[in-house]
1. What residue, of ALA296, ALA252, is farther than 21 Å from LEU126 by Cα and at pLDDT below 75?
2. Can you tell me which condition HIS287 does not meet? The list is (1) at pLDDT below 90; (2) exposed (fewer than 14 other Cβ atoms within 10 Å of the Cβ), and all the others hold.
3. What single numbered condition from (1) at pLDDT 80 or above; (2) over 20 Å from VAL103 (Cα atoms) fails to hold for GLY204?
4. Does THR209 satisfy being open to solvent by less than 10 Å² (accessible area, probe 1.4 Å) and hydroxyl-bearing (Ser, Thr, Tyr)?
5. Taking the residues in the stretch 32-43 that are in contact (Cβ under 8 Å) with a residue 12 or more places away in the chain and part of a helix (DSSP H, G or I) as candidates, determine which candidate is surrounded by the fewest Cβ atoms within 10 Å (Cβ to Cβ).
6. When you scan the stretch 124-142, do you find a residue that is in contact with a helix residue (DSSP H, G or I) (Cβ under 6 Å, 6 or more places away or on another chain), hydrophobic (A, V, I, L, M, F, W, C) and surrounded by fewer than 20 Cβ atoms within 10 Å (Cβ to Cβ), even just one?
7. For residues that are open to solvent by 40 Å² or more (accessible area, probe 1.4 Å), on the phi < 0 side of the Ramachandran plot and not in a helix (DSSP H, G or I), tally how many sit in the stretch 151-181.
Amino acid sequence: MRAVAHPVVPAGLRRNGPGLALAATGVAAAWGLHRVLPALPLLTAAVLLGVTVGQLPALRRLVTGPAKAGLALAARRLMRAGIVLLGLRLGLRDVLGLGWATVLMVPAVVAATFAGTWWLGRRLGLPGDQPLLIATGYSICGASAIGAVGQATGSDEEDIATSCALVTLCGTLAIAVLPLLQGPLGLDAGEFGRWVGAGVHDVGQVVATAQTGGPVALREAVLVKLIRVAMLAPLVAGVAVSRRRLGRSAGAARPAVVPLFVVGFLGMVLLNSVGAVPATGLVVAGHAQELLLAAALFALGSAVRLGALARTGGRVALLGLAAWVLIAGAAYGGVLLTA
């Protein structure tokens, strides 16, 4: 009797399949949670679910065992692909329509937030690249920016995951708090939108917060936010140059001056600015970008160890609160100066 031949499973699929399947399941669960709670952005839900999975004993064995390689692949490669597609959200013509005062205000807020958060993180003695990564997340675009800088610098996965968790939680808090302050601060719809765009971290969190102020607030918020997203490329390049110099002096491997995914991001910005991508393509790319980033952020969230976070919990919480107040205050001041 002839033996039945079993199909040969490629080694890469055998190694990465369980983790990629878990990430896909996490994205599906996050999408379902977002549908039930529309105020909860998909990317925020993905991080929170990933953190939850990483703490459950039964699932933790899967995360640190068979699924480890695939989750690491999702956190690294899918993050880069999502960041490249993020460039299609940015069009130079729309940004310039805000006026030069607002366009110049945003980099000033980014610089103040980045420098202040990084300095305070160093003063608090946070380990590894956490001060750099948290400063990046607060000043640019949340977990997506943390992933980009972490990829460029080769940061420890635990530092990336911890920073993503902190920035995501604080950004989620903004969804509930900032709309309550619009009236007391005397902001009209456009000013409120610009404040949200300059002061809230993740793109999804910006949309969830600004939509409470109406369509004008939402439009202004998204445009201002996209200017911050554009700051991602020079920031990553600057960090990579700095690390390259340090690597040269220490004899270590040096990162590329401009990582390839940043070049891809800028290329997508250019394509969108000249109208080379049809409207249908932009819609499809937008959905793909969200799904890719959700999978990457779920994978990063699963690497968070709350026990390790608790050891620096007081310092991390203090930095998160201080950075949150810093960017909200800087953004508010910028909006008043450019009104």
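The values are calculated or read from the model by the stated rules, or taken from the named source; none is laboratory data. This one's a predicted model, so the numbers in the text were calculated from it and none came from an experiment. Neighbour counts are summed over all protein chains in view; Cβ atoms, including those assigned to glycine, are modelled from backbone coordinates with ideal geometry. For the accessible areas, the whole protein counts, side chains as well, though only heavy atoms, and no ligand, DNA or RNA atoms are used. Shrake-Rupley method; radii C 1.70, N 1.55, O 1.52, S 1.80 Å.
1. Working: ALA296 fails: at pLDDT below 75.
The conditions single out ALA252.
2. So the condition that HIS287 fails would be (1).
3. (1)
4. Working: open to solvent by less than 10 Å² (accessible area, probe 1.4 Å): yes; hydroxyl-bearing (Ser, Thr, Tyr): yes.
In short, yes.
5. Step by step, filter the stretch 32-43, then rank; the result is LEU33.
6. Yes, some residue in the stretch 124-142 is in contact with a helix residue (DSSP H, G or I) (Cβ under 6 Å, 6 or more places away or on another chain), hydrophobic (A, V, I, L, M, F, W, C) and surrounded by fewer than 20 Cβ atoms within 10 Å (Cβ to Cβ).
7. Residues meeting the conditions: 1.
To keep it simple, each residue is scored yes or no on (1) open to solvent by less than 30 Å² (accessible area, probe 1.4 Å); (2) over 22 Å from the mean Cα position of the chain (by Cα); (3) of a type outside the set (A, V, I, L, M, F, W, C).
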{"position": "LEU13", "(1), (2), (3)": "no, yes, no"}
{"position": "GLY19", "(1), (2), (3)": "yes, no, yes"}
{"position": "ALA30", "(1), (2), (3)": "yes, no, no"}
{"position": "ALA45", "(1), (2), (3)": "yes, no, no"}
{"position": "GLY54", "(1), (2), (3)": "yes, no, yes"}
{"position": "ARG60", "(1), (2), (3)": "no, yes, yes"}
